[in-house]
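Asks: One structure, pasted below without further comment.
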Amino acid sequence: MLHSFALGIASTENELATRVACAAELMKIDYSGIGIDAADRAYGGSRFSEVREAIFANPYQDVWGTTEAPPLPTYEVTLASVLRGVLPFGKRYVFRQAIERTVDSHADLRWGENGKGFRRLLHPNGVCLTGLWEITQPTDYSGYFQKDSKGLLVARYSTCCTEPRRGRTRSLAIVGKLFPTTDPNHAQPFRTASFFTQQDIAGENTDYINDAELRNAPDVHAWRRGWGTPILIITGVVFQIVDREPGQRQLYQIAELGKPESEPTRCPDFMRLTVSPEQPRIEGEGLDFRDEVMAHIFDQGDPVPRRKLVFNIEVTDESSRHGPGLAQRRTFTNWRQIGALTFDNAVVSYNGDFVIHFNHPTWRSDRNNPATATRANERKVH
């Protein structure tokens, strides 16, 4: 039985040393390859086993939760990092290159020329999970939104921007890539389908992951970001330039996964993920969300997963939007639970922060019609 989390916050000295080390890492970042490259263009799919092997290859803690384990690194998101090369506001702007790459590259792993991957500019701190996507209820949708669909899943639970600790304003998020198979050792490479869900983009004061509502169309209350508001504004502007709609990530990749080309796409407009009510709560003042996620699956100091972390999948097509972009909220009706995400393993690792990549589905004016995609490369894929 889970009662409390004994590790708590790292000591002041350890935390300070970790932040200094991460700041030094930021100074060493090579931004030259952050945009689309030849490996991105050559992507033809991947195997679940190779993605799993990559994210588990170099954990920050050899065994999570031991008393001698070093503190988890906290990489900072800074205004300087999202403004690097901003003048002129064109193709040499690093942040714009990064956003174009997230939309245009379907690669599952991005190693870079030096094999060390690339620094995330907005969600640098995360924990990766593996498990199963399963739809258990009848639906009117296509692809892997259909009843009885099951697929292996690799996900990353992260926060935007720097703050990972309970008791602070933070925006929790889950992104995932779905493989159209339940065989973890499949030989044929598959193109994966990605989804993105998040709390209010500017942040919320949710202490437990059990209480977080993660949607593909989150609210935005910009003033909650405080000194980070300029980063939020810049993010929205650049995403709008690159991909038209900064506040919603459509779900058509899942609705088209495994679907015959002759079958029309039928995709839900909205999806939300919530922790199953049966899941226990992990106690701990100032607890890092990465430790909280790991504690749902592991016992401290034990390398063997002992439990599962389950999220409910709910969808709806009914919503109304209120307010301008920086003060935007949505009202939803008729949420319906159709399945679950069941995670049975997790890791906090360097490759999970720097190498794994999730493609952002480009905006379609009609989510069911590939010909209406904003980015031309997405139209070519179909």
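Asks: Give the ranking of Lys308, Lys147 by solvent-accessible surface, highest area first, calculated with a 1.4 Å probe.
Replies: My answer, sorted largest first, is Lys308, Lys147.
Asks: I've got another one for you. Express the carbon and sulfur contribution to the solvent-accessible surface of the chain as a percent, rounded to the nearest whole number, probe 1.4 angstrom.
Replies: Carbon and sulfur atoms account for 51 percent of the accessible area of the chain.
Asks: Would you calculate a helix-derived [θ] at 222 nm for the chain, using -39,500 (n - 2.57) for each DSSP H run of n ≥ 4 and dividing by the full residue count, to the nearest 500?
Replies: Helix-only estimate at 222 nm: -6000 deg cm²/dmol.
Asks: I'd like to compare 209-220, 364-375, 258-269: which one has the highest average count of other Cβ atoms within 10 Å, and what's the full order after that?
Replies: Final packing ranking: 209-220, 364-375, 258-269.
Asks: Related question: Can you list the residues, at least 5 places off or on another chain, whose amide H is less than 5 Å from the amide H of Phe270, using H built in the peptide plane?
Replies: Thr316
Asks: Whole-Hz ³J(HN,Hα) for each residue in the range 313-318, computed from phi via Karplus 6.51 cos²θ - 1.76 cosθ + 1.60 with θ = phi - 60°, x for glycine and proline: what do you get?
Replies: Using θ = phi - 60°, the values come out as 9, 10, 9, 7, 10, 10 Hz.
Asks: Over the chain, with a Gaussian network built from C-alpha contacts below 10 Å, which listed residue (Pro164, Pro324, Pro59) shows the highest mean-square fluctuation?
Replies: Evaluated over the chain, the most mobile residue of the options is Pro324.
Asks: Further question: How much accessible surface area, in Å² rounded to 10, belongs to the heavy atoms of Trp64 with a 1.4 Å probe?
Replies: Estimated to the nearest 10 Å², Trp64 gives 20 Å².
Asks: Give me Rg/Rg_expected for the range 249-382, where Rg uses Cα atoms only and Rg_expected = 2.2 N^0.38 Å with N residues.
Replies: My calculation over the Cα atoms of the range 249-382 gives 1.33.
Asks: I want to make sure I understand the PRE zone here: with the label point 7 angstrom from the Cα of Gln300 toward its beta carbon, which residues in the range 41-82 have backbone N atoms less than 11 Å away?
Replies: 65-69
Asks: Round to a whole angstrom and tell me the spacing of the C-alpha centers of the range 138-163 and the range 30-71.
Replies: So the two Cα centres are separated by 20 Å.
Asks: Rolling a 1.4 angstrom probe over the protein heavy atoms, how many square angstrom per residue are accessible across the range 253-344?
Replies: Spelled out: the 1.4 Å probe surface of the range 253-344, per residue, equals 44 Å².
Asks: Could you calculate the contour length gain from Ile233 to Asp344, that is, 0.36 nm times the residue separation minus the distance between their Cα atoms, to one decimal place in nm?
Replies: Additional length available on full extension: 36.3 nm.
Asks: Let me ask something else about it. Using the alpha-carbon centroid of each, what span in Å lies between the range 308-344 and the range 256-288?
Replies: Computed from Cα coordinates, the inter-centre distance equals 8 Å.
Asks: So what J values fall out for the range 294-300 if you push phi through Karplus, 6.51 cos²θ - 1.76 cosθ + 1.60 with θ = phi - 60°, rounded to Hz, Gly and Pro as x?
Replies: Working through the residues one at a time gives 4, 5, 5, 10, 10, 8, 4 Hz.
Asks: Picking from Tyr252, Tyr141, Tyr350, which is most flexible by a Gaussian network model of the chain using Cα springs under 10 Å?
Replies: Top of the fluctuation ranking is Tyr141.
Asks: Under a point-charge model restricted to the Cβ atoms of Lys and Arg (+1) and Asp and Glu (-1), what is the dipole moment magnitude of the chain relative to its Cα centre, in debye to the nearest 20?
Replies: In total the dipole reaches around 1140 debye.
Asks: For the range 123-139, in order, what is each residue's ³J(HN,Hα) by Karplus, 6.51 cos²θ - 1.76 cosθ + 1.60 with θ = phi - 60°, in whole Hz (x at glycine and Pro)?
Replies: 10, x, 10, x, 10, 9, 9, 10, x, 10, 9, 9, 9, 10, 10, x, 9
Asks: Extending each Cα 7 Å along its Cβ direction at Leu79 and Thr169, get the distance between those two points in nm, one decimal.
Replies: In this crude label model, Leu79 to Thr169 measures out at 1.5 nm.
The values are calculated or read from the model by the stated rules, or taken from the named source; none is laboratory data. This is a predicted model, so every value here is computed, not measured. Every residue, glycine as well, gets a Cβ built from its backbone with ideal geometry; the counts of neighbours run over all protein chains shown. For the accessible areas, the whole protein counts, side chains as well, though only heavy atoms, and no ligand, DNA or RNA atoms are used. Shrake-Rupley method; radii C 1.70, N 1.55, O 1.52, S 1.80 Å.
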